Ligand SMILES: [Zn+2]
């Protein structure tokens, strides 16, 4: 039985692992087009380049991480406003880390709210087609990918959220996503405990 704080840590870790994958599907907005005089801005309903689902999921994580950090800081008795975080991806990851640190000070109601919010964001991210249809992956820490050498291996979790034996790489190589999967990684997966 996982301690409540571990559940939050796990959700934050998983979001932090999914976040760069969402970012990779999200092209930089073309600000120059909007700034040019006489050019009509693209209406919001028009198709955006890249993966609209990934953009939606990513901005949802951006907002939730900052909101939850602020609420947790307040509940932990901080009378000063929290760190002012800009909109960078690194700031979102820092906010996720802060949530995992601060959750131990939350009462039951706040804890449930934080878990529900994080799980909703995870669910959204995992439903992005480029991320894998609602498959649940957990990062494999401190094991480099034997093919591309990155530290972006993930293990697929089964319905009970236990490692399933399938390990894949979510790193990126010069030619695109690594997405390598090897039978040899099954041994690595079997070493992981739940
Ligand atoms: Zn790889």
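What follows draws every value from the coordinates through simple rules; no lab data is involved. Remember, it's a predicted structure, so these values are computed and weren't measured experimentally. Every residue, glycine as well, gets a Cβ built from its backbone with ideal geometry; the counts of neighbours run over all protein chains shown.
Summary table below
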quantity: Residues 131, 99, sorted so that the one with the fewest Cβ neighbours within 10 Å comes first; calculated: 131, 99
quantity: Likely footprinting exposure, 174, 69, 119, fewest C-beta neighbours within 10 Å first; calculated: 174, 119, 69
quantity: Full-stretch length increase - residue 179, residue 74 - with 0.36 nm per residue and alpha-carbon distance subtracted; calculated: 33.7 nm
quantity: Residue 123 versus residue 159: modelled label distance in nm, points set 7 Å from Cα along the beta carbon direction; calculated: 1.8 nm
quantity: Which of 79, 101 has the fewest Cβ neighbours within 10 Å, and the rest in rising order; calculated: 79, 101
quantity: Potential lengthening between residue 108 and residue 166 on full extension [0.36 nm per residue; Cα-Cα distance subtracted]; calculated: 17.4 nm
